[in-house]
Every structure is written in C-alpha cells, then in structure tokens.
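> Right, I'll just put the structure down here and ask away after.
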Amino acid sequence: MNNAALIRLPSPQGPDFVGVGVHKSGTSWLGTMLAQHPRLFINKKEISFFVRFYHKGHRWYHSFFKDKNGRFAGELTVSYITSPRPDPQHREFYPKWNPRRLIFFWRKQPSARDELKKCYPGVRVFAIFRDPADRAWSAYWFWRRRKERLGKRVVDFETMWRDDGRWIRTRGMYADQLAYWREAFPDFGVFFYDDIKADPVGLAQSAFRFLGVDDTFVPEGYERKVNKTDYTPMPPEIRAMLVDYYRDQIIRFAEMTGRDLSRWLHVP
C-alpha cells in the first residue's frame, strides 16, 4: 500500500485525478483498468469539459463525480494535453481540403492545465504516451475508418500530415507538452503505451500507486486491447519521415522522463 493512500482523502467535489493524454496511446485500456479498482471511480471516461463543454459550467462538470462515495474520482480526456487548442479561433483544425474549416469556435477556450491547477489544487494529473510515429499513423487510420463508415471524404496520410489535420503532427510534440504541464504539476505522471504489452499488470499498478491507492490490486482483462483499429502497416519511408520530424522531441522526452526511448528512433 502506498503511504500516500493513508493520508490523502477524496475532494468534496470535482475530480481527484485526470488523465490528459495522449490520443491513440492506450487511454481507453488504462481507464478500464483504473475503473476496476475499488478505491477509484470513473463515471464517464472522457468528459471533454475543458475542450468542448466548458460553457456548461463547473456544476455540470462536478455532476460526473458526485457519486464518488469516498472513492477518488476522475476522468481521462486525451485532448486536454493540447488545451487550449493550437488555433483557438477555430472549433477544430480543419485543413483547406475540409469544407468545415470555416466553422469558428465562438465559445471560450480555457487552458485545461491552468483550470485544473486553479480549481482542483489536489488533483493528480497524468498521461500515457506512445511512439509518436506509431501514434500518428494509428490516429490517421482511426480517423479514416470512421469517415469511411460514414461515407465521407478521406485524404491520404501525407495530406493530413502536411496540413496538420486534427493536429496529427502537433499531438506528438511530447517534450514540449510535458514541459508545459510540469510547470503547473511538477509531479505530473508519465506512463507508456509500450508497457501495455510488456508489463500490463505492472503498468496498472504503477498508475494505482501514482493515484495513492492500493497498488497490489490486479485488474481483470489486462491482456485485452481496447478500441483496437486494424490498418495498413506503415511504409518505411513514412516512418523515416516521422522519426526525423520528431527526433529532437523524442531525445528531449527521454531525458525528461529517464526512459530509454531508442526504439522510437528506429527506422527499418
């Protein structure tokens, strides 16, 4: 049992923990593991309050945590890590090939980091990260499969990457993101997608330990993937391009986390 669990108590209202990223990096799996712990409560995994529903107010946000009953309550919204959005003028980044690019987001776009720090001073904040090249490729195919199911227009990966559609490039700037969040949360939790396969129980228990609950608990179904997307393997030339783009970010991120990320720099 982590000693922090003996002295930390759930807050009267609002979240006690928030996962803030990153997209297509195992947050659904991690949320499923956390929700099984008897001392943790997740009513809705991805509330998106600070990026979509801020206009509804904090009372609306708190309604998702009101049944915590002595447990630590939280959520995991992957887009918080890049909040406020890179282009706050737009509701969402739509490249020139998307006719919705002129939709403006007229509501206030807060900083998820600053709001969490100001309103929930005891909250524990973390993210799970994945090889940024693999993440970008997976995100593209997740987007493409969804568009194809809806019978909507798609573009190739190179076009989406060039235009930073859905911030497919921006979302992989891990060193910058971690530095930004650590300014407000020096103990920001960092977990890795690679460990879902290599040591899933160890990863889940590391997260329990970070949240200050019994880290001997073993969740069920840890061997199963959540939200798996089947897609075409990444061509070597595209991986080479992505690794080259993210190289400095990966090296800095490895130094910041103390993790050997040499595999992320591999080009076949």
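The values are calculated or read from the model by the stated rules, or taken from the named source; none is laboratory data. Note that the coordinates shown come from a computational prediction; the quantities given were computed from them, not determined experimentally. Quick reminder, even Gly has a Cβ in these numbers, built from the backbone with ideal geometry, and neighbours come from all protein chains shown.
> Among the residues of region 256-264, are any over 20 Å from the mean Cα position of the chain (by Cα), modelled with pLDDT of 95 or more and assigned to a helix (DSSP H, G or I)?
Yes: one or more hits.
> Asp187: among the acidic types (Asp, Glu), at pLDDT 95 or above, exposed (fewer than 12 other Cβ atoms within 10 Å of the Cβ) and not in a helix (DSSP H, G or I), yes or no?
Answer is yes for this residue.
> Which residue pairs have Cβ atoms under 7 Å apart, sit 6 or more places apart or on different chains, and have a first residue in region 151-162 that is surrounded by 14 or more Cβ atoms within 10 Å (Cβ to Cβ) and a second that is among the hydroxyl-bearing types (Ser, Thr, Tyr) and assigned to a helix (DSSP H, G or I)?
Pairs that qualify, where the first residue is surrounded by 14 or more Cβ atoms within 10 Å (Cβ to Cβ) and the partner is among the hydroxyl-bearing types (Ser, Thr, Tyr) and assigned to a helix (DSSP H, G or I), are Phe157/Tyr140; Met160/Tyr140.
> Which one of these is buried (at least 19 other Cβ atoms within 10 Å of the Cβ) and in contact with a Ser or Thr (Cβ under 8 Å, 6 or more places away or on another chain): Arg166, Arg171?
Arg171
> List pairs: first residue in region 239-268 and in contact (Cβ under 8 Å) with a residue 24 or more places away in the chain and over 18 Å from Asp194 (Cα atoms), second residue part of a loop (DSSP other than H, G, I, E, B) and of a type in the set (Val, Ile, Thr) anywhere in the structure, Cβ distance under 7 angstrom, at least six positions apart or on different chains.
Listed by first residue and then by second, the contacts come to Ala240/Val267.
> Applying the selection to region 113-143, what residues are assigned to a helix (DSSP H, G or I), without any contact (Cβ under 8 Å) to a residue 60 or more places away in the chain and not aromatic (Phe, Trp, Tyr)?
Lys118 - this is the single residue of region 113-143 that is assigned to a helix (DSSP H, G or I), without any contact (Cβ under 8 Å) to a residue 60 or more places away in the chain and not aromatic (Phe, Trp, Tyr).
> Separate question: Would it be correct to say that Gly189 is among the small types (Gly, Ala, Ser) and touching a strand residue (DSSP E or B) at 6+ places or on another chain (Cβ under 7 Å)?
yes
> While we're here: Filter region 190-214 down to residues that are touching a Phe, Trp or Tyr at 6+ places or on another chain (Cβ under 7 Å), part of a loop (DSSP other than H, G, I, E, B) and either free of Cβ contacts under 8 Å to residues at least 40 places away in the same chain or surrounded by fewer than 19 Cβ atoms within 10 Å (Cβ to Cβ) (or both), then give me how many there are.
Qualifying residue count for the region: 1.
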